[in-house]
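These notes are about the structure you will find just below.
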Amino acid sequence: MPTFVIFGASGDLTSRKLIPALYNLHRRGRLPEGTRVVGFSRTPYEHDAWRAELAESTQKFVGEKFDKGVWGEFAKNVYYHAGDIGQGEDFAGLDTFLKELEGDASRERVYYLSTAPRFYGPAVEQLGKNGMADQSSGARRVVIEKPFGTDLASANKLNEVVHQSFDESQVYRIDHYLGKETVQNLMVLRFANAIFEPIWNRNYIDHVQITVAEEVEIGSRAGYYDTAGIVRDMFQNHILQLLSITAMEAPVKYAADPVRDEKVKVLQAVRCLTPDDVKRDTVRGQYRGYTAEEGVEARSRTATFAAIKLSIDNWRWQGVPFYLRSGKAMSCRSSQIVIQFRQPPHMLFDTGPRSVNESNRLVVQVQPAEGIQMHFQTKVPDAGMRMRQTDLDFRFGREFKGSMPEAYERLLLDALEGDASLFARADEVEAAWSICDPILAAWAKYDRPTLYPYDPGLWGPEESTEWMQGHGREWFDTCPVLR
Ligand SMILES: NC(=O)C1=CN([C@@H]2O[C@H](COP(=O)(O)OP(=O)(O)OC[C@H]3O[C@@H](n4cnc5c(N)ncnc54)[C@H](OP(=O)(O)O)[C@@H]3O)[C@@H](O)[C@H]2O)C=CC1
Ligand SMILES: O=C1O[C@H](COP(=O)(O)O)[C@@H](O)[C@H](O)[C@H]1O
């Protein structure tokens with residue numbers, strides 16, 4: 001019977017993602033029997049008051065999956081303990097409360113840090129000081145939310161603080177993209193099929209595009225976003241995770257360390273950009289209207305869009321550019337990985353103006369139209385040897401309509417079960433910062449390349465399209481059709 005302790009219990013993430021995920025796991029019979037959930041933050045709730053507030057928010061966020069009876073069963077194991085992370089004695093009080101709850105039963109605990117990042121260090125320190133990381137009476141794991149540091153130096157320092165209280169095997173740095181079914185499926189696609197691996201390299205692939213486009217603007221998160229910007233918010237974590245899974249070698253087995261070893265090797269092989277590379281190989285954008293958002297500096301130079309070309313210096317990927325881009329306020333919500341294959345060495349057929357001559361493309365649709373498409377040439381019937389582009393289209397939604405689990409469901413369950421395969425390791429996070437730091441430093445120091453404005457509802461600034469054309473390539477700008 002594990003206990004799931006949430007620091008930051010009264011916050012947005014808890015009500016919007018964590019509790020709905022735990023409720024859904026319980027509803028689907030996946031939550032370990034008798035799992036207790038304990039909330040910790042300063043707001044002085046009684047247990048029932050917190051349960052009532054969570055019932056309302058969970059109903060809102062899970063919609064028709066909310067069942068009063070099932071909720072009632074789940075809520076019986078939900079508790080609240082008020083306290084302040086800044087007060088050491090509040091941890092001792094929490095520990096006493098947890099021990100009373102646990103009694104003689106198993107004392108496995110997962111501590112989930114869903115607080116502002118400045119509290120990650122103090123919270124792990126206090127857990128250590130109060131003996132709450134000690135595993136003699138059951139496993140102790142700590143899940144740490146993003147952002148993990150704001151640059152390499154701060155991530156390094158935070159890792160040191162964490163390791164003073166917890167062994168690395170107890171630490172789960174969450175990146176919710178790894179909980180997405182399609183991201184995990186990318187590993188299955190690559191390593192459970194024999195047909196892709198032989199062509200997954202520089203001999204057959206021209207380039208790779210990874211796009212994470214969001215239609216939404218920054219909403220109410222200006223305070224955080226204006227200091228973070230797109231590289232810290234999306235590239236350092238989610239996009240580099242997508243890159244490393246796309247580019248990694250096959251791990252010796254599917255287990256936390258072999259998988260993470262291979263991902264780290266890819267990140268370490270990414271060529272660091274010099275200031276000149278940054279000017280040439282990155283595009284920065286800011287959507288029009290950003291500086292008028294409440295809480296944003298009127299003269300803010302924060303990028304809300306970036307396109308970045310990276311190279312991976314290893315045998316598999318030498319000479320294959322990886323074009324990465326992400327932005328707020330773009331045309332549509334679309335996260336996809338495009339593997340663009342080379343042209344056949346010699347074309348036999350009609351390549352005239354009425355014939356479409358595109359090279360093969362494998363598109364992994366991460367969201368929202370989760371699936372995979374293979375684009376290839378076929379003949380236009382009764383038109384000589386004219387060609388057209390067609391596709392094989394696999395959609396998860398056709399078979400699993402409405403039953404695809406939320407990313408947090410998978411990740412919370414893995415943390416409860418002690419499987420860290422889908423969590424970032426210390427060296428992985430640091431390797432990702434080593435890639436981002438030179439870009440951020442060059443942008444800040446030289447204010448180059450230009451921060452281009454773009455209208456909301458486009459694919460970022462038009463300079464991004466021109467930049468890609470300058471590289472002899474085109475972005476695959478397609479909004480997914482949901483069907
Ligand atoms: N919200 C989201 O969608 C996402 C959030 N994250 C990350 O998750 C974390 C939490 O985000 P979010 O829920 O949005 O943040 P909120 O600001 O909504 O919540 C912060 C929580 O921390 C508690 N808190 C603040 N100070 C203390 C203290 N001294 N002692 C104990 N508790 C304290 C607050 O409660 P009280 O005031 O009652 O103490 C509140 O419960 C952040 O690190 C964020 O980067 C990551 C991805 C997405
Ligand atoms: O971590 C974050 O991710 C979201 C995008 O997540 P998604 O699952 O909706 O694709 C992003 O909006 C947010 O800015 C960022 O902090």
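Please treat every number below as a calculation from the coordinates, not as lab data. Keep in mind the model is a prediction, meaning the values are calculated, not measured. Don't worry about glycine lacking a Cβ; one is built from the backbone with ideal geometry, like all the others, and counts go over all protein chains shown.
Worth pointing out:
- Toward the positive end of the charge dipole of the range 6-148, with +1 on the Cβ of Lys and Arg and -1 on the Cβ of Asp and Glu, the farthest Cα among PRO122, LEU25, PHE40 is that of LEU25.
- Taking the range 3-145 and dividing mean pair separation by its residue count, relative contact order in percent (alpha carbons under 8 Å, at least six apart): 30
- Interchain or long-range residues, amide H under 5 Å from SER355's placed H: none
- Whole-Hz Karplus values for the range 322-330 come out as 10, 9, 10, 8, 7, x, 8, 6, 9 Hz, taken residue by residue from phi with 6.51 cos²θ - 1.76 cosθ + 1.60 and θ = phi - 60°; glycine and proline positions read x.
- FRET efficiency for GLN184 and GLU294, using Cβ-Cβ distance with R0 set to 41 Å, rounded to 0.05: 0.65
- Charge dipole of the chain about the Cα centre (unit charges at C-beta), most positive-ward option of VAL216, GLN340, VAL171: GLN340
- The chain: Cys lacking any partner C-beta under 4.7 angstrom: CYS272, CYS436
- Within a straight-line Cα-Cα reach of under 22 Å, LYS180 can be paired with the following lysines, leaving aside sequence neighbours fewer than 8 residues apart in one chain: LYS17, LYS60, LYS65, LYS146, LYS253, LYS263, LYS328, LYS401.
- The mean of 1/r over all pairs of different alpha-carbon atoms in the range 393-444, once inverted, gives a Kirkwood hydrodynamic radius of 14.4 Å.
- Annotation: amide H of LEU31 within the under-5 Å range of HIS26, sequence separation 5 or more or interchain, hydrogens built in the peptide plane.
- ARG473/ASP134 FRET efficiency (R0 51 Å; Cβ-Cβ; nearest 0.05): 0.40
- Taking the DSSP bridge list for the chain and keeping only pairs wholly inside it, about 55 percent are antiparallel.
- Proximal aspartates and glutamates to LYS157, defined as alpha-carbon separation beneath 12 angstrom and excluding residues fewer than eight positions away on the same chain: GLU430
- Across the range 167-181, coupling constants 3J(HN,Hα) worked out from phi with the 6.51/-1.76/1.60 Karplus curve, θ = phi - 60°, read 6, 3, 5, 9, 9, 10, 8, 8, 9, 5, 5, 6, x, 6, 4 Hz, and Gly and Pro carry x.
- Mean separation of Cα contacts under 8 Å (6+ apart) over length of the chain, as relative contact order %: 17
- Residues listed by number, the range 369-410, amide nitrogen under 20 Å from LEU348 label point at 7 Å toward C-beta: 376-390
- Added length on full extension, which subtracts the Cα-Cα distance from 0.36 nm per residue, VAL356 to ASP382: 7.8 nm
- Cα shape, the range 325-411, gyration tensor, a/c 1.5 rule: prolate
- Summarising the amide proton neighbourhood of ARG173: residues at separation of 5 or more, or on other chains, whose placed amide H is nearer than 5 Å comprise ILE144, ALA424.
- The string of couplings for the range 228-237 from the Karplus curve (6.51, -1.76, 1.60, θ = phi - 60°) is 8, x, 5, 5, 5, 6, 10, 6, 4, 10 Hz, one whole number per residue in order, with x for Gly and Pro.
- Start at zero, step by 5 Å, and the Cα-Cα distances of the range 3-145 spread as 2, 10, 21, 24, 20, 14, 7, 2, 0 percent across the bins.
- MRE, 222 nm, helices only [DSSP H, n ≥ 4, -39500 (n - 2.57), over the chain, to nearest 500]: -10500 deg cm²/dmol
- Degrees, to the nearest 10: 256-269 long Cα axis against longest axis of the chain: 50
- Overall form of the range 252-320 per C-alpha gyration tensor (a/c, 1.5; a/b vs b/c): oblate
- Hull volume per residue, based on the alpha-carbon atoms of the chain and their convex hull, is 160 Å³.
- 5 Å-binned pair-distance histogram of the range 405-483 (Cα, whole percent): 3, 10, 11, 11, 14, 15, 16, 12, 7, 1
- The magnitude of the dipole of the chain, with charges of +1 and -1 set on the Cβ of Lys/Arg and Asp/Glu and taken from the Cα centre, is near 1100 debye.
- Measuring between their Cα centroids, the range 158-213 and the range 42-61 lie 35 Å from each other.
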